[in-house]
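Inspection log for the structure reproduced underneath, given as structure tokens.
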Amino acid sequence: MAPINLLQFIELPRQEPAKIPVRVRIQEWGEIYGRYDAQHAAAQAARCIHCGNPYCEWKCPVHNYIPNWLKLIAEGNLFEAAELSHRTNSLPEICGRICPQDRLCEGACTLNDGFGAVTIGAIESYITDEALKAGWRPDLSQVKGTGKRIAVVGAGPAGLGCADVLVRNGVKPTVYDRYPEIGGLLTFGIPPFKLEKEIVKTRRALMEEMGVEFVLDTDVGVDVAFQDLVDGYDAVFLGLGAYTYMKGGFPGEDLPGVFEALPYLISSINRVMGLEQNPQDYIDFSGQRVVILGGGDTAMDCNRTAIRQGATRVTCAYRRDEANMPGSRREVTNAKEEGVRFLWNRQPLEIVGRDRVEGLKVVSTTLGAPDERGRRQPQPVADSEEIIPADRVIIAFGFRPSPAPWFSEFGIDVDEIGRVKAGPGSQFKFQTANAKVFCGGDMVRGADLVVTAVFEGREAAEGIIEYLGV
Ligand code: FAD
Ligand code: SF4
């Protein structure tokens, strides 16, 4: 082991794993970042200055023990780092890849102020990737079975986080999902150039080894009655996500050539994964002029998918400026590198066309005062309308929860925008108005992040364990 160099953060600059050159990566669907080897991971981890007040840990939604596992990696203790990393995060190799670190852990790193933050995300995914390859498996030797069984509905990050904590506490989770693979939006939403699907499949195999059972291709409420789950298990966790598509409310949204973001992304993923049922399901933008509306992660994923499909021009129009967009800065940079043209401060007024899309009418905006959530509101500029020519338009304005028709029958309360009410105020963490039903992730907080869904799933599992009294 090399002696500790207290000035490593000055002598060695922040260095992320190399990216695949643009001309190559836009011809492919794989992840665009390379991976560290042990030497580079240790050197980058040793840049952590152990500042005493780890702001990174506070800012990380699952409160990872970041400086501790960085130290273990700097010292070459891969398996201990993997064990520690899994104490707080159920999907560390996935969060390490797709968390918006610039807004979370790395944004809060003391070194971010002038020296370059420690590459926390890249090291987090390195730990699990390499430990699994080297034969590490979670240590469940101390787990004692409780005889309790829980139905988890939804195999997305929230459901997986919940199942992980349950199984580590001797409670048997059976995870139901309507899709043929686990992951929720990790598999059927986020494109493979951000997260290769093999990573999710490896996690599935690991969870099965740990004792988690998956029942896939099963729509709860259709193929299995929710009543059967309530009757057949000691409690139920719901992590159903948020799938109600938000429309723009302007003319032309129903013209042929206008698409919703998720069906577009899923059609592309199904083709890449070989899951396509019918070639006609594929939405192909090759040779088209495409306009994507929105400024979040979903919009960025649509932009970069259209580039890979061979669209002749991809324009992303967003109604605020670059500094006020909700998506990850890293993904905007990647999209720009790949040839996406951004039009900031453009608000859509109408999708124009006679019997199919011909263009998008927008008005320029300036930003007014912040609203009650602190977001500056776009104000239209008089006489600034223009038409952007387009053959295809995607509306990527985000999603709202989609309360199931059977919620009310089971006393599961929702708020005015469909989010399930699951604490505060309930006796146990993330318990709904029905004492036997717990809930977390996008369906409780509204569409958000993988890491926040994992956190809520894990917290709900703790609530369930307390409720069971085991
Ligand atoms: P989901 O991931 O939506 O999982 C819910 C699961 O429940 C699904 O598998 C669904 O099939 C299943 N289900 C629903 N109803 C039923 C039923 N009745 N019966 C059986 N199964 C059911 N976050 C990031 O942190 N970084 C990113 O880069 C990022 N990019 C994104 C890109 C896109 C295109 C989208 C749409 C989202 C992105 N997000 C990103 C957000 C992130 O994916 C979500 O916040 C997260 O997946 C929410 O997890 P969840 O478990 O609550 O729901
Ligand atoms: Fe950073 Fe996300 Fe990992 Fe937390 S889970 S340390 S926020 S990359």
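The values are calculated or read from the model by the stated rules, or taken from the named source; none is laboratory data. No experiment lies behind these values; they were computed from the predicted model shown. With ideal geometry, Cβ positions are generated from the backbone for all residues, glycine too; neighbour counts draw on all protein chains shown. Accessible surface is based on the protein model in full, side chains and every heavy atom, while ligands, DNA and RNA are left aside. Shrake-Rupley method; radii C 1.70, N 1.55, O 1.52, S 1.80 Å.
The table for this structure:
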quantity	calculated
Subset of the stretch 74-100 (residues that are within 12 Å of ligand 1 (Cβ to nearest atom) and acidic (Asp, Glu))	none
Residue within the stretch 254-261 that is open to solvent by 20 Å² or more (accessible area, probe 1.4 Å), more than 16 Å from ligand 2 (Cβ to nearest atom) and among the β-branched types (Val, Ile, Thr) present	yes
Asp321 being more than 17 Å from Pro256 (Cα to Cα) and within 16 Å of ligand 2 (Cβ to nearest atom)	no
Residue count, the stretch 374-408 (criterion: touching a Gly at 6+ places or on another chain (Cβ under 7 Å), under 23 Å from Asp321 (Cα atoms) and not in a strand (DSSP E or B))	4
Any hit, the stretch 65-81, residues being in a loop (DSSP other than H, G, I, E, B) and either within 10 Å of ligand 2 (Cβ to nearest atom) or modelled with pLDDT under 95 (or both)	yes
Near pairs, Cβ below 6 angstrom, 6+ apart or cross-chain, from the stretch 1-21 (at negative phi and at pLDDT 90 or above) to any residue that is assigned to a loop (DSSP other than H, G, I, E, B) and open to solvent by 70 Å² or more (accessible area, probe 1.4 Å)	Pro17/Arg35
Residue pairs meeting the criteria (Cβ under 6 Å; at least 6 apart or on separate chains; first closer than 18 Å to Ala461 by Cβ, in the stretch 188-217; second not in a loop (DSSP other than H, G, I, E, B))	Met210/Val167; Gly211/Val167; Val212/Ala163; Val212/Val167; Val212/Pro173; Glu213/Thr174; Phe214/Val175
Matching option when the condition is under 26 Å from Gly359 (Cβ atoms) and surrounded by fewer than 16 Cβ atoms within 10 Å (Cβ to Cβ), among Gly274, Gly295, Gly249	Gly249
Which listed residue is over 26 Å from Gly30 (Cβ atoms) and within 13 Å of ligand 1 (Cβ to nearest atom), from Val167, Val212, Val171, Val153	Val153
Tally, over the stretch 184-209, of residues that are more than 7 Å from ligand 1 (Cβ to nearest atom), small (Gly, Ala, Ser) and buried (at least 22 other Cβ atoms within 10 Å of the Cβ)	0
Residue check, Val171 of a type outside the set (Gly, Ala, Ser), in contact with a Leu (Cβ under 6 Å, 6 or more places away or on another chain) and buried (at least 24 other Cβ atoms within 10 Å of the Cβ)	no
